[in-house]
Amino acid sequence: MSEPSGKFVLEPERYEFAAAPMHQFELARRDFFKLLGAGIAVFAIAKDATAEQETAPGHRSFHNEEWPKDINAWLHIGEDGTVTGFTGKAEIGQNARTELAQTIADELRVPFESVRMVMADTALTPFDAGTFGSRTTPTITPQLRRVSAAARDILVEAAAKNWNVAPERLVAADARVSDPASGRSLKYAELARGKTLAQNLPAEDPVTPAPQWTIAGRAIPKVDGRAFVTGRHQYTPDLRPAGMLYGKVLRPPSFGATLTAYDDSAAKAMTGVFVVRDGEFVGAAAPSADEAQSALDAIHAQWKEVPQIANKEIFSYLKQNAAAKTDDRFRKQRGSVEEGLASAAHRVDATYTVAYIAHAPLEPRAAVAQWADGKLTVWTGTQRPFANRDELADIFHLSESDVRVIVPDTGSAYGGKHTSDAAIEAARLARAAGRPVKVVWTREEEFTWAYFRPAGVIEVKSGIASDGTLTAWDFHNYHSGASGIDTPYVVLNQRTEYHPVPLILRSGSYRGLAATANHFARETHMDALTRAARMDPLDFRLKNLSDPRLRAVMEAAAKSFGWPHKKTQERQGFGLACGYEKGSYVATFAEVVVDKSSDAVRVARMVEAFECGAIVNPDGLRNQVVGAMIQGLGGALFEAVEFENGRIKNPHFASYRVPRFRDVPEIETILLDRKDIPSAGAGETPIMAVAPAIGNAIFDATGIRLNNLPMVPNGLRSA
């Protein structure tokens, strides 16, 4: 995602960004400010619009949109003391709403309770490329902090002018400006009354350093948390605008199937039903979801299907169909791998495979679309509202200003909600019906027609000297991606290369991207080298590490875990893994127990140390880390998409195994708060080391090395 320079780079495995839309077809901001009322709107001039807006050139869905030249980001201070912050980022369960409100409250010097966030609304918020890549914390929190500091300066200057004193003698705190010398004070609300002030954002505006934070850095509970746990919060599937119809879409029987015969006369005869055929798109809208489904069932459709490979053949396909020559940016080399291998005292070569897996969010894809006066408004759970807006505008031949996308706080995404599938479907049906239409994908649709984390093959050749020093590292990833492909270990002779392969299943982003696959292969391989060197796994890694931040998380996790751990029963094992990605560092230690009679693998305990710079909200961060660890169990042990001839064979939770309560081990997290380092994101990195730590523990317990993800979908006996 980011090069060492900090430049924004889009990872190649984000296939969905370059893909065409699933279907092809033949309120205004000013009004919102009226609702906000009078007050101070703070405007900031962009000094580097392209860098600040997180655009990534080169992909179809990124167009390098620039915000208005005189605006970078803004907030509003109302006459009632309410502070409103705006961001194009979406709240998808990562608790960004709380973190960003804390940031504003801390820098503006107002109570946390007075801040509210308007998020992910293309009519009201600044342009944003999307909520992905752990970018919210490192990009938006500092931006809101700069804007809040500028707003505070405006308020202080207003008070100074009112009292005819120097601004330097005044103090801003607790939503008021005070003059210690005279005892006078004015609330921000009083200073804001009847005024609209603007100021350019200074190029070097001083902000509060992390050691001096008073609201940021605290474990403040999630904004509106009670609404989520009581069911009061309305997700997209809960929305019901007046006159709304329910939409359903006719899906082909397999991927790539084309419609050859079609008769919708029976469906069109149904009362209150609207049937749409537009090219290959067939859908129905009706007063209820059942009626819409009945209309689809009444359509006579015949399809031409094409033979396709099965999941059992996928890994040989990936090797055989890799690009003959890769892009230079996907290939890195230092020293001579051949000389390093030749000089090695011990060599270990191995192949690793990673299956397709599904995102399986609890809230499936959903959208509500409404047309009015030739303009389109869509409510949908997406990570990329502006990209959705652009796609809708393109498909329906509208200007971007005539399309509004609003994202209600969404029930998880894990990288799986970047596309506008449900939004396009709802909008097409709503245009035909002349009424709002809601489309909610079924679980089977979500498992079948959404994109997957790509499968991959990884080949590693390596060598070590007699003292355990790495002499050579040759690492090749086929198809799954380039994220996290670079080794953190010191090795003079190394080569890493990502080999693109044409897609078989619709593929794209998943939490951690290919960093999960690449860390699994690398850390499993490092454990194999450890055995060849006859060294302790922790000592071996520390011997070959120079990065102090990675060493710190390793040592913190090892201490809490009690490494080296003494075994207390048969077939008990301990493993570890570590890595870094997107500016944050992780080390995971795992304990497993393998049942002697059934060979069932149980993860008994996991300890993870995580460091992402200065922590904005410890509770939110801990929840992110624990959630990633639990999710990582699925991909490590049993999650895999099964497919054959263009059909998904396990499109339900009954057949697609995700972690359940009984699978969750004892979990401990250690959060290293580095207030001397800028805050980084935490949505992805904590998942990366889970699988290899568990796999290394299984080897320690049984002597069986498992190089394929998932490792034990049917138990160790069949692995």
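The table below lists the values:
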{"read-out": "Cβ pairs under 9 Å, 6+ apart, first in the stretch 581-598 and among the acidic types (Asp, Glu), second open to solvent by 30 Å² or more (accessible area, probe 1.4 Å)", "value": "591/565; 591/605; 591/666; 595/571; 595/601; 595/602"}
{"read-out": "Hey, residue 144 buried (at least 19 other Cβ atoms within 10 Å of the Cβ) and farther than 27 Å from residue 614 by Cα or not", "value": "no"}
{"read-out": "Test: residue in the stretch 417-430 that is more than 30 Å from residue 682 (Cβ to Cβ) and either open to solvent by 30 Å² or more (accessible area, probe 1.4 Å) or within 18 Å of the chain's Cα centre (by Cα) (or both)", "value": "yes"}
{"read-out": "Count - residues of the stretch 376-397 that are more than 24 Å from residue 94 (Cβ to Cβ) and in contact with a helix residue (DSSP H, G or I) (Cβ under 7 Å, 6 or more places away or on another chain)", "value": "5"}
{"read-out": "Hits in the stretch 441-477 - residues which are surrounded by fewer than 24 Cβ atoms within 10 Å (Cβ to Cβ), among the aromatic types (Phe, Trp, Tyr) and over 30 Å from residue 250 (Cα atoms)", "value": "475"}
{"read-out": "Among residues of the stretch 288-318, those that are over 28 Å from the mean Cα position of the chain (by Cα) and in a helix (DSSP H, G or I), counted", "value": "14"}
{"read-out": "Inter-residue pairs, beta-carbon under 6 Å, first assigned to a loop (DSSP other than H, G, I, E, B) and in the stretch 230-242, second among the aromatic types (Phe, Trp, Tyr), 6+ apart", "value": "239/379"}
{"read-out": "Residue match in the stretch 547-557 (condition: of a type in the set (Gly, Ala, Ser) and open to solvent by less than 10 Å² (accessible area, probe 1.4 Å))", "value": "yes"}
{"read-out": "Matching option when the condition is more than 30 Å from residue 531 (Cβ to Cβ), open to solvent by less than 20 Å² (accessible area, probe 1.4 Å) and either over 17 Å from the mean Cα position of the chain (by Cα) or among the charged types (D, E, K, R) (or both), among 403, 354", "value": "403"}
{"read-out": "Residues located in the stretch 656-688, provided they are basic (Lys, Arg) and either part of a loop (DSSP other than H, G, I, E, B) or in contact with a strand residue (DSSP E or B) (Cβ under 7 Å, 6 or more places away or on another chain) (or both)", "value": "657, 660, 674, 675"}
{"read-out": "Qualifying residue in the stretch 317-331 (condition: open to solvent by less than 50 Å² (accessible area, probe 1.4 Å), among the basic types (Lys, Arg) and either modelled with pLDDT of 95 or more or more than 28 Å from residue 655 (Cα to Cα) (or both))", "value": "no"}
{"read-out": "Any chance residue 342 is outside the structural domain of residue 436 (by TED's automatic domain parsing) and closer than 22 Å to residue 502 by Cα", "value": "no"}
{"read-out": "Every residue from the stretch 275-292 that is surrounded by fewer than 16 Cβ atoms within 10 Å (Cβ to Cβ) and not charged (D, E, K, R)", "value": "279, 287, 288"}
{"read-out": "Residues satisfying the stated conditions in the stretch 658-706, i.e. surrounded by fewer than 19 Cβ atoms within 10 Å (Cβ to Cβ) and β-branched (Val, Ile, Thr)", "value": "658, 664, 667, 670, 677, 702, 704"}
{"read-out": "Contacts under 6 angstrom Cβ, first residue in the stretch 374-391 being in a helix (DSSP H, G or I), partner modelled with pLDDT under 95 and open to solvent by 10 Å² or more (accessible area, probe 1.4 Å), 6 or more apart", "value": "386/127; 387/61; 391/21"}
{"read-out": "Positions within the stretch 306-329 being out of contact with any helix residue (DSSP H, G or I) (no Cβ under 8 Å at 6 or more places or on another chain), within 16 Å of residue 479 (Cβ to Cβ) and among the aliphatic types (A, V, I, L, M), in sequence order", "value": "314, 318, 322, 323, 324"}
{"read-out": "Tabulated pairs, the stretch 508-520, first within 13 Å of residue 132 (Cβ to Cβ), second part of a helix (DSSP H, G or I) and of a type in the set (Asp, Glu), C-beta under 9 angstrom, 6+ apart or interchain", "value": "508/16; 509/16"}
{"read-out": "Of the criteria (1) open to solvent by less than 80 Å² (accessible area, probe 1.4 Å); (2) on the phi > 0 side of the Ramachandran plot, which one residue 224 fails", "value": "(1)"}
{"read-out": "Qualifying positions in the stretch 325-381 - of a type in the set (Asp, Glu) and farther than 27 Å from residue 417 by Cα", "value": "327, 328, 338, 339, 349, 373"}
{"read-out": "The stretch 490-546, residues that are of a type in the set (Lys, Arg) and open to solvent by less than 30 Å² (accessible area, probe 1.4 Å)", "value": "511, 522, 541"}
{"read-out": "The stretch 272-287, residues that are in a loop (DSSP other than H, G, I, E, B) and either touching a helix residue (DSSP H, G or I) at 6+ places or on another chain (Cβ under 9 Å) or of a type in the set (Ser, Thr, Tyr) (or both)", "value": "272, 273"}
{"read-out": "Any hit, the stretch 255-270, residues being closer than 17 Å to residue 441 by Cβ and either of a type outside the set (Val, Ile, Thr) or in a strand (DSSP E or B) (or both)", "value": "yes"}
{"read-out": "Condition check for residue 530: among the β-branched types (Val, Ile, Thr) and under 23 Å from residue 469 (Cβ atoms)", "value": "yes"}
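The values are calculated or read from the model by the stated rules, or taken from the named source; none is laboratory data. The model shown is predicted, which means the values in this text are computed figures rather than measured ones. No Cβ is skipped: glycine too gets one built from the backbone with ideal geometry, and neighbour counts run over all protein chains shown. Heavy atoms of the whole protein, side chains included, go into the accessibility calculation; ligands, DNA and RNA do not. Shrake-Rupley method; radii C 1.70, N 1.55, O 1.52, S 1.80 Å.
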